[in-house]
Amino acid sequence: MVRLKGIRALCLATGFSLSLVSTVPAGTIELSWNRVEEARGYRIYYGTSPGEYSRSVTVGDRDHASLTGLTDCTTWYVAVKAYNWAGESTQFSNEISGWPRPEVHRISPAAAEQCSQSVVSITGANFRPGAQLLMDGGQAFIDNSGASLVNVDSAGVVSCNEIEALVSVEPSARGSRAAEVGTNPFEIEIINPDSIYGSSSVNLEILFNQDRWDINQEEPATDGRIDGSDLSWLAHAYGSAEGDALYNPDADLNGDGIVDGIDLAYLAAGFGLCRSGSAWVADECG
């Protein structure tokens, strides 16, 4: 037993608690603990088996520290001892265990069409079974009511390095402004069951959905044809913005909240085409 000359021996049994901290840099484990009276510093012990610590690091007189350089997708076991000028305590703190914080590397594909649903893969490290996937595009991916235009319908951990998700780009029905065409930063967050999380910003590109060429869907005779009736509907809303009486979200082809020359250019690219299955071709127009 370590005896400390002139002061009480350090005791870590009651009131000395070690815990994980969720807000830490990617690829690390961060710890916090309450201080021990008369301690001059703390030493962290850790390894990959319970109660067996192959590594240690001295962190000085602090009540928190980060462990870095840890092997991903591996459970690490950690405990702490306190020390002062007379020596180190004989008892460890409580032992805790966990993986390093999740890391998000990329999303594939990094593009999705307006008004569509697709399967995407998020790759990285330290995804535990039961992890939750959150996606947030900020102002670039919300509609006028504040609702998100990109939503995770379901997600599952394939391995510690991959999550597969079914993602919808809203809206799927007509009469609401579609997600705006273009590339914007998108925040992806992974929350493991132990509440340790990691996030990263990736670029997500929204592509024009060619089915939106067919603006006029109220007249059966023009359904599946990109013709003058669609041009007429766009012309009626031309120059309007979201919130105006004349604004037609179906004519706002690029989804920027304004019916203007950009939308006219999109319509012109498909003018004269007719639907053939899932494609638009000129040969189907009689």
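The values are calculated or read from the model by the stated rules, or taken from the named source; none is laboratory data. These numbers were taken from a predicted model, which means no experiment stands behind them. Don't worry about glycine lacking a Cβ; one is built from the backbone with ideal geometry, like all the others, and counts go over all protein chains shown.
For the range 113-145, filtered to residues that are under 18 Å from ARG174 (Cα atoms) and of a type outside the set (S, T, N, Q), the residue that is nearest to the chain's Cα centre (by Cα) is PHE141.
Restricting attention to the range 132-180, the residues that are assigned to a strand (DSSP E or B) and farther than 20 Å from VAL259 by Cα total 24.
Give the residue, chosen from PRO249, PRO185, that is of a type outside the set (A, V, I, L, M), in contact (Cβ under 8 Å) with a residue 24 or more places away in the chain, under 30 Å from LEU134 (Cβ atoms) and surrounded by fewer than 19 Cβ atoms within 10 Å (Cβ to Cβ).
On the way: PRO249 fails: surrounded by fewer than 19 Cβ atoms within 10 Å (Cβ to Cβ).
Of the residues listed, the single one that is of a type outside the set (A, V, I, L, M), in contact (Cβ under 8 Å) with a residue 24 or more places away in the chain, under 30 Å from LEU134 (Cβ atoms) and surrounded by fewer than 19 Cβ atoms within 10 Å (Cβ to Cβ) is PRO185.
With respect to the conditions (1) part of a strand (DSSP E or B); (2) closer than 30 Å to TRP33 by Cα, ALA112 falls short on a single one, namely (2). Annotation for the range 270-278: no member residue is surrounded by fewer than 17 Cβ atoms within 10 Å (Cβ to Cβ), within 35 Å of the chain's Cα centre (by Cα) and among the hydrophobic types (A, V, I, L, M, F, W, C). Just one residue in the set VAL167, VAL150 is over 10 Å from ILE190 (Cβ atoms), out of contact with any helix residue (DSSP H, G or I) (no Cβ under 9 Å at 6 or more places or on another chain) and surrounded by 14 or more Cβ atoms within 10 Å (Cβ to Cβ); that residue is VAL167. Mind checking which residues of the range 238-284 are modelled with pLDDT of 95 or more, among the acidic types (Asp, Glu) and assigned to a helix (DSSP H, G or I)? If the condition is that a residue be modelled with pLDDT of 95 or more, among the acidic types (Asp, Glu) and assigned to a helix (DSSP H, G or I), then ASP263 is the only one that fits. Does ASP211 meet the test of being more than 30 Å from HIS105 (Cα to Cα), modelled with pLDDT of 95 or more and not in a loop (DSSP other than H, G, I, E, B)? Here the answer is no, as ASP211 does not meet what is asked.
Do we find that ALA235 is at pLDDT 95 or above, of a type in the set (A, V, I, L, M) and either part of a strand (DSSP E or B) or surrounded by 15 or more Cβ atoms within 10 Å (Cβ to Cβ) (or both) in this structure? Before you say what the answer is, go through the steps one by one.
On the way: at pLDDT 95 or above: yes; of a type in the set (A, V, I, L, M): yes; either part of a strand (DSSP E or B) or surrounded by 15 or more Cβ atoms within 10 Å (Cβ to Cβ) (or both): no.
The answer is no for ALA235.
Look through SER195, SER201 and report the one residue that is assigned by TED's automatic domain parsing to the domain that holds VAL120, within 20 Å of the chain's Cα centre (by Cα) and part of a loop (DSSP other than H, G, I, E, B). Steps first, please.
Values: SER201 fails: part of a loop (DSSP other than H, G, I, E, B).
Within the list SER195, SER201, the selection yields SER195.
Within 11 Å of TYR42 (Cβ to Cβ) and either in contact (Cβ under 8 Å) with a residue 40 or more places away in the chain or among the small types (Gly, Ala, Ser) (or both): which single residue out of ASN94, ASN84 fits that description?
On the way: ASN94 fails: within 11 Å of TYR42 (Cβ to Cβ).
Result of the check over ASN94, ASN84: ASN84.
Does the range 4-15 include one or more residues that are modelled with pLDDT under 95, under 30 Å from THR71 (Cα atoms), crowded, with 16+ Cβ neighbours inside 10 Å and under 32 Å from the mean Cα position of the chain (by Cα)? Scanning the range 4-15 turns up no residue that is modelled with pLDDT under 95, under 30 Å from THR71 (Cα atoms), crowded, with 16+ Cβ neighbours inside 10 Å and under 32 Å from the mean Cα position of the chain (by Cα).
Considering only the range 132-147, state which residues are surrounded by 15 or more Cβ atoms within 10 Å (Cβ to Cβ) and among the hydrophobic types (A, V, I, L, M, F, W, C). Across the range 132-147, the qualifying residues are LEU133, MET135, ALA140, PHE141, ILE142. Only residues that are in a loop (DSSP other than H, G, I, E, B) and buried (at least 22 other Cβ atoms within 10 Å of the Cβ) were counted across the range 73-98, and they come to 2. Which one is surrounded by the most Cβ atoms within 10 Å (Cβ to Cβ) among residues in the range 119-131 that are assigned to a strand (DSSP E or B) and touching a residue at least 60 places away in the same chain (Cβ under 8 Å)? Looking at the filtered set, the residue picked out is ILE122.
Of all the criteria given as (1) in a helix (DSSP H, G or I); (2) of a type outside the set (Lys, Arg); (3) modelled with pLDDT of 95 or more, the one not satisfied by ALA221 is (3). Each residue in the range 157-199 was checked for being within 27 Å of ASN254 (Cβ to Cβ) and small (Gly, Ala, Ser), and 9 pass.
Of all the residues in the range 44-72, those that are in contact (Cβ under 8 Å) with a residue 40 or more places away in the chain, of a type in the set (Ser, Thr, Tyr) and not in a loop (DSSP other than H, G, I, E, B) number 2.
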